[in-house]
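One structure is given below, encoded as structure tokens.
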Amino acid sequence: MMKKTFLTCLALLLVVAMLATSVACTNPTQNPASTTDGETTAADTDASTTGDTDADTDVTTDAATDGETTSDVEDEAGPYVYKHVVVVGVDGAGAFFKEAETPNLDKIFANGAVTYEAITSTPSISAQSWGSLFHGVTPEFHGLDNGITGSQAYPADSEFPSFFRVIREQMPNASLASFCHWNNINIGIIEDGIGVHKASDSSDVKVIRMARDYVEAEVENGNGAPTMLFIHLDEADAAGHNSGYGTAVHLKKIKQQDAWISTLYDTYADLGLLEDTLFIVTTDHGGSGTSHGGSTDAEMKIMFAATGKTVEKGTIGEMGIRDTASVVLHALGLEQPASWTSRVPSGLFKGVVAGDRPVYEIDGSDREHVNVPTPEAGSAGHISQFITDKNLVSYLTFDGDVTDEMGAATTQGGKLYFVEGYFGEGARMEDGYVSIPDYAPGTSSFSVSLWINTNGVASDPPLFSNKNWNNGNLSGYVFCIKSGAVQFNMGDGENRMDFNKQLPLNYATGWMHLTLVVDREAGEVRISTDFGAFQTMAIPEALKDVSLDAYDVLNIGQDGTGTYSAPLSAVVDEFMIFDGALTAADVEALASYYGK
Ligand SMILES: [Zn+2]
């Protein structure tokens, strides 16, 4: 009896213990209906990890496809691969989800992996941030900004492809779709020509509805739901700019978006897709006051939340917005490009521990240069022997002063430092600039050639200009440099043209040559870096015949006013202005003049 009683009790105890564990699993982890506050609490974490640790012990390390040591939930066929990945990007929500009422997201991610400490890109601006999310690198590598993404397609052969392009390359039949409120993402961040179904609308509700309808139609047509679906919502950012980030108005908008996002999630549930879907909600940046772009926590910290079959319930480890790209490819079982510096963070997928972050080595060897003296005027080695059919209007060698060999009464503003140049000396510009008076191209073609040596710049300082660069619509022109790109701008007071050319990655490791051609006959502007092929943009119809005159001067290292706030932290050398439009052959002649 005693013994029997003892055994009976023991059996009873065992049953109770087993029951306890199963309740934990079904309640907090398995049943998405269970409402928690969406925040992963310690209790929850323990519950889930306990469940999983066993699976994690046998670590298998495969050649760091995405920078992590893995022991994914595997079966004999290897790590689990999702059929569908959904990324919903809520512009300008930052980590404010935490303060907002989000009952639906709380439910959706009750068993998911969440962080409010992920860090966006610097600067915390939309294009730079979404650019990193899609391309797995920081802005100085993808070179995107709001101006570029609104006007030019992303280079189809970039060394830093988007995850959409990588999926297309590794899964030729994948179904890819992007629905955006801010269409810059479709125009200048996701490549064209890779079969991404792109659509946009200037209303979040309509964007979500379009996406839902598209998914339902694709399933109905037997094509199946998208392999990769990206959705962009913009109204929280608008609320932040209008009323302030973190204000009641802003938080109320996030609450609305919470409801709209849940309708998409429900569509996936109704179509029986959730089992094979990794569902992610994240954002590009937060805000402080009514703006963003700075580096305060309120601007830089972003939420990232994921739910899916192999997602570890809990808090995600150290993460940057670019890591989203690795997460997407990891989920689809694809290899990430060697050029990406992103990796799957810890605490997201069961058993996946973040490895070392890949580093992209910038090779500056082709910019090593041995300084030689400037060829004498009239000598066989002088530029006039290389370009003979174009009128050289101005030529500043900066060999100790700002003399213009062609005779213009150049003057100096502020302080210049004459240091080693490309040829002879060059002028360090951060505290000064040079003015070439009376240079007025009007409606005629002209071309400029120059060398610069910079360690990188902040903002968008002019290399040379005759306009007030505080407003791109104003009359005149400017050729400026920014992080990873140069930009030509012209305006007539109402209309503007912006032409951005991305710079070689190693542009800040030594001397770089730039050629700008404003060809009024052809109606286009051309830019070449390092004597390479021209990139060209047509001058918009509205500006085809406008005069480019503004201030009666061309300033080097400043805008036409001489008071632009961003200093040009660079050494400039060999500044030449030609009448007319230089051709590719002229650029070759320049290259041989400089021994290239
Ligand atoms: Zn934004």
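The values are calculated or read from the model by the stated rules, or taken from the named source; none is laboratory data. Model, not experiment: these values are computed from the prediction. All Cβ positions, glycine included, derive from the backbone under ideal geometry; neighbour counts span all protein chains shown. All accessible areas refer to the heavy atoms of the entire protein, side chains included, with ligands and DNA or RNA removed. Shrake-Rupley method; radii C 1.70, N 1.55, O 1.52, S 1.80 Å.
Pop out the carbon and sulfur fraction of the accessible area of region 421-536 as a percent, whole number, probe 1.4 Å. Ligands and nucleic acids excluded, carbon and sulfur give 39 percent. So if we plug the beta-carbon distance of Asp579 and Tyr417 into 1/(1 + (r/R0)^6) with R0 = 35 Å, what FRET efficiency do we get, rounded to 0.05? That pair, Asp579 with Tyr417, gives E of 0.70. With all protein chains kept in place, the per residue accessible area of region 444-593 amounts to 30 square angstrom at a probe of 1.4 angstrom. Only helices enter this figure: runs of n ≥ 4 DSSP H residues, each worth -39500 (n - 2.57), summed and divided by the residues of the chain, yield -7500 deg cm²/dmol at 222 nm to the nearest 500. Scoring 425-437, 264-276, 491-503 by mean Cβ neighbours within 10 Å over their residues and listing the highest first yields 425-437, 491-503, 264-276. Modelled label positions at Thr296 and Glu275, each set 7 Å beyond Cα in the direction of Cβ, lie 4.8 nm from each other. The listed peptides 581-590, 157-166, ordered by packing as a protection proxy, come out as 157-166, 581-590 (highest mean of other Cβ atoms within 10 Å first). Near Ser178, the amide H atoms lying under 5 Å from its own belong to His197, Lys198, Ala199, Phe230; only residues 5 or more places off or on other chains count, and H is placed 1.01 Å from N.
Across region 558-564, computed HN-Hα scalar couplings (Karplus, 6.51 cos²θ - 1.76 cosθ + 1.60, θ = phi - 60°) run 7, 8, x, 7, x, 10, 4 Hz from first to last residue, x flagging Gly and Pro. Remark: relative contact order (the chain) = 16 percent; criterion is Cα-Cα distance under 8 angstrom and separation of 6 or more residues. Structure shown: which of Lys390/Lys544; Lys198/Lys252; Lys501/Lys544; Lys98/Lys501 lie over 30 Å apart, alpha-carbon to alpha-carbon? Checking Cα-Cα distances, Lys98/Lys501 exceed 30 Å. Here the relative contact order of region 433-568, from alpha carbon pairs under 8 Å that lie six or more residues apart, stands at 36 percent.
Using a/c under 1.5 as the rounded threshold, could you call region 452-576 rounded, prolate or oblate? The axes a ≥ b ≥ c are square roots of the C-alpha gyration tensor eigenvalues, and prolate needs a/b larger than b/c, oblate otherwise. Oblate shape, in that a/c is at least 1.5 and b/c is the bigger or equal ratio. Less than 5 angstrom separates the built amide H of Ala485 from those of Leu503, all sequence-distant by 5 or more or on a different chain.
Helix 2-24 against the longest principal axis of the chain: what's the angle in degrees, Cα atoms only, rounded to the nearest 10? For helix 2-24, the angle is close to 30 degrees.
Using alpha carbons only, how many degrees (0 to 90, rounded to 10) separate the axis of helix 248-270 from the longest principal axis of the chain? The helix 248-270 is inclined about 60 degrees to the chain.
Its alpha carbons considered, region 352-456 gives a radius of gyration followed by a Dmax of 19.1, 68 Å. Overall, the anisotropy analysis places region 526-591 in the oblate class: the square-rooted eigenvalues a ≥ b ≥ c of its C-alpha gyration tensor yield a/c not less than 1.5, with a/b not exceeding b/c.
One decimal place: the segment Met406-Lys83 gains 109.6 nm when fully extended, by the rule 0.36 nm per residue minus the C-alpha distance. For the chain, the alpha-carbon radius of gyration amounts to 1.16 times the rule-of-thumb value 2.2 N^0.38 Å expected for a compact globular protein. Among beta bridges identified by DSSP and lying wholly in the chain, the antiparallel ones come to about 75 percent.
Full extension of the chain between Gln535 and His197 gives 119.0 nm of extra length, using 0.36 nm per residue less the Cα-Cα distance. Of the solvent-accessible surface of region 147-240, computed with a 1.4 Å probe over protein heavy atoms with every protein chain present, carbon and sulfur atoms account for 46 percent. Annotation for Thr388 and Asn506: the two label points, set 7 Å from Cα along the Cα-Cβ direction, are 3.5 nm apart. Here the 3J(HN,Hα) profile of region 385-399, calculated from phi with Karplus coefficients 6.51, -1.76 and 1.60 at θ = phi - 60°, is 8, 9, 10, 9, 9, 10, 6, 7, 7, 9, 8, 10, 8, 6, 7 Hz, Gly and Pro shown as x.
The simple Förster model, with R0 at 41 Å and r as the Cβ-Cβ distance, assigns Glu169 and Asp552 a FRET efficiency of 0.20. Applied to region 186-198, the Karplus parametrisation 6.51 cos²θ - 1.76 cosθ + 1.60 on θ = phi - 60° returns per-residue 3J(HN,Hα) values of 6, 6, x, 10, 8, 4, 8, x, 10, x, 8, 6, 10 Hz, with x for Gly and Pro.
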